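The values are calculated or read from the model by the stated rules, or taken from the named source; none is laboratory data. None of these values were measured; they are calculated from a predicted model. So basically every Cβ, Gly included, is an ideal-geometry build from the backbone, and we count neighbours across all protein chains shown. When the accessible area is computed, the model is the full protein with side chains, heavy atoms only, and any ligands, DNA or RNA have been set aside. Shrake-Rupley method; radii C 1.70, N 1.55, O 1.52, S 1.80 Å.
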Amino acid sequence: MSDLRLAIILGSTRPGRNGEAVADWALAKAKERTSADYELIDLIDFPLPHLDEPIPPSRGGYAGEHTKAWAAKIGEFDGYVFVTPEDNHSTSGVLKNAIDYLYAEWNNKAAAFVGYGLVGGARAVEHLRAVSSELQMAHVRQQLSFSLLTDFENFSVFTPAAYHDDAAAVLFTQLESWAGALKAIRH
């Protein structure tokens, strides 16, 4: 096993969320690999209030215990797979809030994106790419896009098409490559 640690962050906390099945699928695909250790982070387990830090995250000095716990968890990883729904042509509020809480913990790390929605979460992923760039994350080209029309039965039962398997392999290979390269920069 590699010393690379990568997190799959489930970016939805809604009751009945489709993201849980998508994140579980991504984790199962990741666990088939031996180049990195993957862990699922569910934002339900980190109930962050709307950003309440008095000092901007880019300056450090987190005050809240919830922020310190979140920072410690995110700081453990070399890269991230963000699993995002598309809400109003963007990512979920809870995921954007969780990202906004931190700064240095994201810097010089790799990011990949898995979106889902009517158009596969494409617009949510585009917004996350811009946010990631500002946080000095290197985001990989490959992304996964699951359509509620074709990859879910009745818009709720996750039944991904088989071609997503190959796309996932490319995504994880790119993420692991970038995460390994950036780890050298941080250490």
Global geometry of segment 81-187, whether rounded, prolate or oblate, following the gyration tensor of its Cα atoms and the 1.5 cut on a/c: oblate
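If you count the DSSP beta bridges with both ends in segment 52-167, what percent of them are antiparallel, to the nearest 5?
Percent antiparallel among DSSP bridges in segment 52-167 is about 15.
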Could you tell me which chymotrypsin sites (Phe, Trp or Tyr not before Pro) in segment 130-187 are loop residues by DSSP with no more than 16 other beta carbons within 10 angstrom of their beta carbon? 155
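First measure r as the distance between the Cβ atoms of residue 157 and residue 126, then evaluate 1/(1 + (r/R0)^6) with R0 = 30 Å and state the FRET efficiency to the nearest 0.05.
Values: r = 27 Å, r/R0 = 0.89.
With a Förster radius of 30 Å, E is 0.65.
Helix check for the chain. Which DSSP H runs span at least 30 Å along their own axis by Cα, with a mean Kyte-Doolittle hydropathy no less than -1.0?
Length and hydropathy pass: 163-186.
Based on the mean of other Cβ atoms within 10 Å per residue, sort peptides 53-66, 73-86 so the most packed one is first. Provide the component values of the computation, followed by the final result.
Details: 53-66: 12.9, 73-86: 22.8.
Most protected by this proxy first, the peptides run 73-86, 53-66.
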Spin-label point model (7 Å from Cα, Cβ direction): what's the residue 185 to residue 133 distance in nm? 1.5
Say a paramagnetic label sat at a point 7 Å from the Cα of residue 108, along Cα to Cβ; which residues of segment 131-156 have their backbone N under 11 Å from it? none
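Rank these by accessible area, largest first, 1.4 Å probe: 132, 156.
Numbers: 132 5, 156 70 Å².
The ranking, largest first, comes out as 156, 132.
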Under the √(5λ) rule applied to the eigenvalues of the Cα gyration tensor, what semi-axes describe the equivalent ellipsoid of segment 1-121? Give them in Å, descending. 23, 19, 12
Name the long-range amide H neighbours of residue 152: under 5 Å, sequence gap of 5 or more, or other chain; modelled H, no Pro or chain starts. 159
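For every helix of n ≥ 4 consecutive DSSP H residues, a contribution of -39,500 (n - 2.57) applies; sum these over the chain, divide by its total residues, and give [θ] at 222 nm rounded to the nearest 500 deg cm²/dmol.
Values: 5 runs with 69 residues, N = 187.
Dividing the helical sum by the residues of the chain leaves -12000 deg cm²/dmol.
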Is any residue of segment 24-50 close enough, with backbone N under 14 Å, to a label point placed 7 angstrom from the Cα of residue 65 along the Cα-Cβ axis, and if so, which? 47
